[in-house]
Amino acid sequence: MSQQTPGHATEQEARDVAEAARESEWTSPSFLKELFLGRFRLDLIDPFPEPTAEEEAKAKPFMDKLRAFMERVDSDKIDREGNIPESVMQEMRDIGAFGIKIPTEYGGLGLSQTSYIRAIGMVTSKDGSLTTVLSAHQSIGLPGPLKLFGSEEQKKKYLPRLAKGAISAFALTEVDAGSDPANMRTTATPSEDGKYFILNGEKLWCTNGTRCELMVVMARTPDAIVNGKPKKQITAFIVESSMPGVEVTHRNHFMGLRAIENAVLKFTNVKVPRENIIWEEGKGLKLALVTLNTGRLTLPASCAYGAKQMLLVAREWAAKRVQWGQPIGKHEAVAQKLARLAANTFAMEAVAELASGLADRGGYDIRLEAAIGKLWNTEAGWRAVDDTVQIRGGRGYETADSLRVRGEEPIPVERALRDFRINLIFEGSSEIMRLFIAREAVDHHFKTAFDLVNPHATGKQRWAAFVRSARFYPWWYPSMWIGGTRGYREFGALAGQMRYVERTTRRLGRSIFHAMVRLGAKLEKRQMVLFRLVDVGAELFAMAAVCSRARMLAKKGDANAIELADLFCREARLRIAQHFRELFGPNDAALYKVSQKALEGSYAWLEEGIVRAESAVSGGTPVAATATKKREPVTV
Ligand SMILES: Cc1cc2nc3c(=O)[nH]c(=O)nc-3n(C[C@H](O)[C@H](O)[C@H](O)COP(=O)(O)OP(=O)(O)OC[C@H]3O[C@@H](n4cnc5c(N)ncnc54)[C@H](O)[C@@H]3O)c2cc1C
């Protein structure tokens with residue numbers, strides 16, 4: 001039974017909204033879709049996709065300008081003051097950084113997804129706050145949905161402005177609608193003459209909200225009636241920040257990304273012309289999800305480039321810092337961190353480049369690769385930053401400014417740690433990513449056999465499921481046990497790792513099936529079982545990406561890559577073994593029981609002796625008093 005919290009959508013409603021927004025069809029191939037079905041389709045990702053020489057030549061002038069610009073930027077000052085100077089913004093506009101992927105016919109640079117992530121990666125390696133402006137604009141802001149779903153008229157009207165640097169934002173989240181858009185309350189009601197929609201509501205944490213000229217706003221439009229029942233509709237609108245009734249009521253501040261221009265936005269009777277709907281009425285959430293499928297490719301690269309920076313810092317410090325008679329990098333505990341940092345950075349770059357390369361190649365369904373790239377790289381990246389702080393010791397915890405004043409090199413690892421943490425939360429938290437991936441991982445079995453175990457299925461539905469199952473499982477299931485036809489000799493020293501990936505893919509396929517048989521309809525509630533299966537898939541994807549990339553680099557004479565790939569695979573195999581060992585969670589029931597008692601307050605006695613962390617006297621100013629007037633849009 002789904003529980004109802006007053007004013008909130010029920011669990012079932014949340015599922016229905018998510019399901020309605022899901023892309024239910026797979027029209028193009030996907031390596032990961034196949035992998036979760038136990039099929040290792042290496043041909044879909046290998047040879048490793050690389051940008052063409054023409055693309056690299058086309059990107060070079062911009063990349064050179066971007067590098068020169070980034071070398072000059074004072075990122076510690078930006079962080080300290082929590083502000084990106086207008087001169088910095090203008091310079092980014094001047095070099096074309098706001099229109100990297102916008103086609104040249106609309107005034108952009110017309111570069112590929114891979115060039116885009118390399119550019120954003122370079123920015124992130126020094127300055128997370130600058131990344132947020134560029135990425136919120138181009139990864140999730142208006143250019144993405146317009147390119148995918150905008151009418152030609154809309155593209156002509158907005159893309160040239162956006163390419164020149166009219167900053168855009170993406171407004172989906174609300175106070176009660178974080179991971180769960182079913183709770184969305186912002187409404188867009190058609191005007192009597194049908195020419196406008198009247199927008200009312202409030203959006204939370206909108207990146208670029210304080211600075212944007214244009215935004216994509218998701219709002220509830222009147223319910224559609226489907227099979228006699230009302231069905232929630234969410235629609236995407238292009239909103240100009242200069243429209244009367246659009247207001248920035250608060251600029252939000254965070255642990256890191258101190259200069260992020262993130263706002264609470266209020267809409268009061270904003271008249272939005274009907275022609276500002278992107279795609280169609282009721283398609284807003286699907287648009288958001290599809291936009292994020294590609295938008296999410298930015299974060300894996302950002303994380304990889306963040307890790308590259310950490311690797312540089314860690315290796316130099318581990319070689320230079322002498323304690324107990326030798327450089328700390330010679331002590332095994334530090335040495336292991338450094339080795340993992342190198343191997344994981346290689347893996348993160350392989351995952352990011354592979355996912356974006358596949359997107360560029362076209363004719364490929366990228367949604368699972370992007371989701372796993374986001375999930376895997378953000379978590380591996382977080383460990384990379386955390387280990388670098390540890391390797392730097394006290395200096396890792398000290399601010400760059402403080403180091404500078406003491407006459408030491410102002411290496412901003414402390415800032416990197418603060419800036420990095422949000423990556424595991426926004427653009428789909430790690431938990432939501434795992435749920436999203438799990439839903440797709442079980443999709444084939446769900447469509448084929450779910451009605452056999454579905455208590456609500458009719459007799460007819462059960463029979464149909466039986467027929468489908470009888471056609472599919474007798475040949476599919478044995479194929480999950482028998483196989484291993486290839487030697488992968490072209491992978492040289494990594495051939496054994498590739499054979500393992502192939503074998504384990506089959507094991508994953510049958511484990512997902514076993515979990516369905518064992519738990520039936522209850523599987524959807526056993527998040528941790530699903531999550532372990534997802535994590536096995538993610539590790540296998542990273543292994544395949546790493547081996548394929550190492551092979552490509554080795555062909556070019558970079559033999560070092562093979563040993564990094566091998567180390568990465570050895571470590572990944574240990575993690576996979578643990579996931580399988582604990583698949584059905586020997587402690588899951590005990591953990592859940594304690595968690596529920598904790599929720600009820602049964603262990604409140606453990607909190608005795610503390611003082612509540614939130615201050616009784618607020619040091620901040622009430623939101624209303626800090627309310628900013630709507631900004632004049634920046635003229636470009
Ligand atoms: C710096 C920053 C920038 C942002 N920029 C934007 C932006 O530009 N535009 C925009 O629209 N939004 C933006 N967001 C919002 C961001 O996308 C949300 O924070 C995110 O979607 C999570 O929502 P929430 O914080 O309300 O967490 P909640 O949804 O309340 O989740 C809290 C915790 O519960 C977990 N959880 C939730 N549901 C489930 C479930 N079913 N199963 C298991 N675990 C679950 C979550 O993973 C999380 O760990 C931004 C947020 C921040 C902090």
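The values are calculated or read from the model by the stated rules, or taken from the named source; none is laboratory data. What you are looking at is a predicted structure, and each value in this text was computed from that prediction instead of being measured. Cβ placement follows ideal geometry from the backbone for every residue including glycine, while neighbour counts extend to all protein chains displayed. SASA here: full protein model, heavy atoms, side chains in, ligands and nucleic acids out. Shrake-Rupley method; radii C 1.70, N 1.55, O 1.52, S 1.80 Å.
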With every protein chain in place, the range 334-472: carbon and sulfur % of accessible area (1.4 Å): 60
Cross-link partners among aspartates and glutamates for Lys447, C-alpha distance below 12 Å, same-chain residues fewer than 8 apart left out? Glu25
Within the chain, what's the longest run with no GluC sites (Glu not before Pro) in a DSSP loop and at most 14 other beta-carbon atoms within 10 Å? Give the range, please. 409-581
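Which value, in nm² and rounded to one decimal, describes the direction-averaged projected area of the C-alpha convex hull of the range 285-381?
That works out to 6.7 nm², a quarter of the Cα hull's surface.
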Loop only per DSSP, at most 10 neighbouring Cβ atoms within 10 Å: give me the chymotrypsin sites (Phe, Trp or Tyr not before Pro) in the range 323-423, ordered by residue number. Trp324
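Please compute, over every Cα-Cα pair in the range 36-128, the percentage with a separation greater than 19 angstrom.
Values: 2177 of 4278 pairs.
Value for the range 36-128 (Cα pairs over 19 Å): 51 percent.
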How big is the C-alpha Rg of the range 520-599 next to the rule-of-thumb value 2.2 N^0.38 Å, as a ratio? 1.54
Need one number: convex hull volume per residue for the range 474-613, Cα atoms only, in Å³. 164
Per residue and in cubic angstrom, what volume does the convex hull of the Cα atoms of the range 465-537 have? 96
Using a simple spin-label model with points 7 Å from Cα along the Cα→Cβ vector, what separation in nm is obtained for Ala559 and Glu56? 2.2
Which lysines, if any, have their Cα less than 27 Å from the Cα of Lys593, not counting same-chain residues under 8 positions apart? Lys522, Lys525
Starting from the Cα of Lys101, draw a straight line to each of the lysines and keep only those under 21 Å, dropping any in the same chain fewer than 8 residues away. Lys58, Lys60, Lys65, Lys147, Lys155, Lys156, Lys157, Lys164, Lys374
Expressed as a whole number of Å, what is the distance separating the alpha-carbon centroids of the range 177-195 and the range 485-515? 47
Förster-model FRET efficiency, 56 Å R0, Thr27 and Trp324, C-beta, rounded to 0.05: 0.40
Distance from the range 216-250 to the range 8-28 (C-alpha centre basis), Å: 18
Added length on full extension, which subtracts the Cα-Cα distance from 0.36 nm per residue, Arg404 to Asp64: 119.6 nm
Using only Cα atoms, figure out Rg for the chain and give it as a multiple of 2.2 N^0.38 Å. 0.99
Which value, in Å³ per residue, describes the convex hull spanned by the Cα atoms of the range 471-512? 62
